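Reviewing the structure listed below.
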Amino acid sequence: MTNKQLSVTQQRKLLLDSFKIREEIIDIAATLTGCHIGGSLSITDLLNYSLELYGNNPLNEVILSKGHAAAALYAALFTKGILKEKPSLSYGIKGSLLLGHPNNELPGIPYSTGSLGHGIGYGAGWALGQRVKQKEGIAVVLGGDGELQEGSVWEALQVISSKQIHNLIYIIDRNQAQNDGFLDNISEYYDLSARFKSFGFQVVEFDGHNFNNIHSAFQNKSANKALVIIADTVKGKGIRLMEGNPKSHYAKISVSQADEWKKQIKYQYEKNYLN
């Protein structure tokens, strides 16, 4: 995907993959343990695009820093053919590698995340290592807006700024909610874009469910600045009961409920596909 605009074929491929990823996330929520479904559904499109653009190149690293959205990562890796077994078949079962947070023993997962705020530090170190080794790899780190409450995030950003680590893209899944409620009621962020710009980063904000917007941001990354993408997303995207609801953070559902929710996302997929 090196063109400045997505072709119709590319858009349809991405839409189809996101639909398949969301279906699998819902199936994972219907397992014995359930999963962090709200944030998994919100980050789906961003993760889908990141893996499509960078995941097939061994020079790059795609790191899910908000590790509780592991269901989305497993589903995406399965949809892209990197994981061979349907994740919902063994997710959460004793002895399975498919745990509630990403496991780096699985293909396509370079770093185990779970404790929030660690992924961006790992990405910064990896990206700096690539530069030292005179390689051209790019680190793509996907984090959450709730995760920005972790001080280690800002320490890593200071290192990225001071060491002028430019081969890094940091994506914020801004779904505006976390386990305890809405962010504005817990720890409101004032002018988040200006904060990132003060570190010397290139910053863009847009709808995180619009593939043309996502593609444009990636394609227009500056060569001499780290890129921060603040993507406005919807927690529980695609499911009426869950959308924008902090209570969608974690769910364990029945198979019949999963079937109903999959009908909802299928309707949304077909509507977007036909348009």
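The values are calculated or read from the model by the stated rules, or taken from the named source; none is laboratory data. Note that the coordinates shown come from a computational prediction; the quantities given were computed from them, not determined experimentally. Here Cβ is always computed from backbone atoms with ideal geometry, including for glycine, and neighbour counts include all displayed protein chains. Areas reflect the complete protein model, heavy atoms only, side chains present, ligands, DNA and RNA absent. Shrake-Rupley method; radii C 1.70, N 1.55, O 1.52, S 1.80 Å.
Structure values in brief
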| quantity | calculated |
| --- | --- |
| Residue that is farthest from Leu89 (Cα to Cα) [pool: residues in the range 16-39 that are modelled with pLDDT under 95, in a helix (DSSP H, G or I) and out of contact with any Pro (no Cβ under 9 Å at 6 or more places or on another chain)] | Gly39 |
| Test: residue in the range 50-68 that is modelled with pLDDT of 90 or more, farther than 21 Å from Ala226 by Cβ and part of a loop (DSSP other than H, G, I, E, B) | no |
| Number of positions in the range 241-253 that are open to solvent by 60 Å² or more (accessible area, probe 1.4 Å) and either at pLDDT 95 or above or touching a Phe, Trp or Tyr at 6+ places or on another chain (Cβ under 9 Å) (or both) | 1 |
| Qualifying residue in the range 93-107 (condition: assigned to a helix (DSSP H, G or I) and surrounded by 20 or more Cβ atoms within 10 Å (Cβ to Cβ)) | no |
| Among the residues listed as Gln149, Gln178, the single one being in contact with a helix residue (DSSP H, G or I) (Cβ under 6 Å, 6 or more places away or on another chain), under 20 Å from Thr233 (Cβ atoms) and open to solvent by 10 Å² or more (accessible area, probe 1.4 Å) | Gln178 |
| In the range 238-252, the residues that are within 19 Å of Glu147 (Cα to Cα) and part of a loop (DSSP other than H, G, I, E, B) | Gly244, Asn245, Tyr250 |
| Criterion violated by Ala231 - all others in (1) exposed (fewer than 14 other Cβ atoms within 10 Å of the Cβ); (2) within 15 Å of the chain's Cα centre (by Cα); (3) among the small types (Gly, Ala, Ser) satisfied | (1) |
| Residue in the range 141-154 that is under 28 Å from Leu97 (Cα atoms), part of a strand (DSSP E or B) and among the hydrophobic types (A, V, I, L, M, F, W, C) present | yes |
